[in-house]
Amino acid sequence: MTNDKENAARRAHKLHMKYIHEINKEAWLDNMAEDIVIQDPVGPTPINPTGTPLNKAQMAELWDRSMKSAGDGVPAPQHQMHTFYCCGDEVACVGRTVSMLPRKGDGKLIECVCEGIFIYGVNEEGKLNSVKAYFDFEKVFNDIDFSLPVEQ
């Protein structure tokens, strides 16, 4: 385990969060390696029934779907991480994200709090090459309709 790797993973994570908060898609994607593997969350979910990891192009599409109202009166997701464990080329973060997402039935925005463990890995260039999120999808997103447009 080297401090350079620890610092690189933590630095890449900080940039990842910064670009989300700034609603800066280009910088957010540039912080990712071309061969990044995203499991958010790990395993199958109603919106990803096979649990297949996502790639960079799929993350760009997800940004467009999930961030379409951010900056238009809807805040970007807030990341409230309180504990960090840097090991090798990864950092594990314990905390939560808070997002405003459309409720099933009427599309009105409701606060969605996702508590979990989030692991970010970097490559030799310091770019994110893996993201794994561990949380209870059903508990967090049970009332959310991902097919509805976001209403203000």
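The values are calculated or read from the model by the stated rules, or taken from the named source; none is laboratory data. Every value quoted in this text rests on a predicted model; they were computed, and no experiment measured them. Positions of Cβ are backbone-derived with ideal geometry, glycine not excepted, and every protein chain shown enters the neighbour counts. Accessible surface areas use protein heavy atoms only, side chains included; no ligands, DNA or RNA. Shrake-Rupley method; radii C 1.70, N 1.55, O 1.52, S 1.80 Å.
Determine the relative contact order of the range 1-132: mean sequence separation of Cα pairs under 8 Å and six or more apart, normalised by residue count, in whole percent.
Relative contact order, the range 1-132: 31 percent.
From the backbone phi of the range 99-104, what are the Karplus-calculated ³J(HN,Hα) couplings (6.51 cos²θ - 1.76 cosθ + 1.60, θ = phi - 60°) in whole Hz, Gly and Pro given as x?
Calculated HN-Hα couplings, in order: 10, 9, 9, x, 7, 4 Hz.
Once you mark the trypsin sites (Lys or Arg not before Pro) that are in a DSSP loop and have at most 16 other Cβ atoms within 10 Å, what is the longest gap between them in the chain? Write out the running numbers ahead of the final one.
Details: sites that count: Lys68, Lys104.
The longest uninterrupted stretch comes out as 1-67.
How much area per residue is accessible in the range 45-87 when the probe is 1.4 Å and only protein heavy atoms are counted (Å²)? Present the calculation step by step, with values, prior to reporting the outcome.
Values: 2600 Å² over 43 residues.
On a per-residue basis, the range 45-87 sits at 61 Å².
Could you work out the helix-only [θ] at 222 nm for the chain, with each DSSP H run of four or more residues adding -39,500 (n - 2.57) and the total divided by the number of residues, to the nearest 500 deg cm²/dmol? Don't skip to the end; give the middle numbers.
Numbers: 4 runs with 41 residues, N = 152.
Calculated at 222 nm, the ellipticity per residue is -8000 deg cm²/dmol.
Longest span of the chain, sites excluded, free of GluC sites (Glu not before Pro) in DSSP loop with at most 15 other C-beta atoms within 10 Å?
Working: sites that count: Glu22, Glu124, Glu125.
Of all site-free stretches, the longest is 23-123.
One quarter of the convex hull surface, Cα atoms only: what value does that give for the chain in nm²?
Numbers: hull surface 33.9 nm².
Over all viewing directions, the chain projects a mean Cα-hull area of 8.5 nm².
Once you have a ≥ b ≥ c as the square roots of the Cα gyration tensor eigenvalues for the range 1-64, tell me rounded if a/c is under 1.5, and otherwise prolate or oblate according to whether a/b is larger than b/c. Spell out each step's value before the answer.
Working: a/c = 2.25, a/b = 1.39, b/c = 1.62.
Here the range 1-64 falls in the oblate category.
Which of the aspartates and glutamates could be linked to Lys139 by a straight reach, that is with a Cα gap under 17 Å, when you skip same-chain ones fewer than 8 residues away?
Answer for Lys139, where 17 Å is the Cα cut-off: Asp40, Glu111, Glu115, listed by chain and number.
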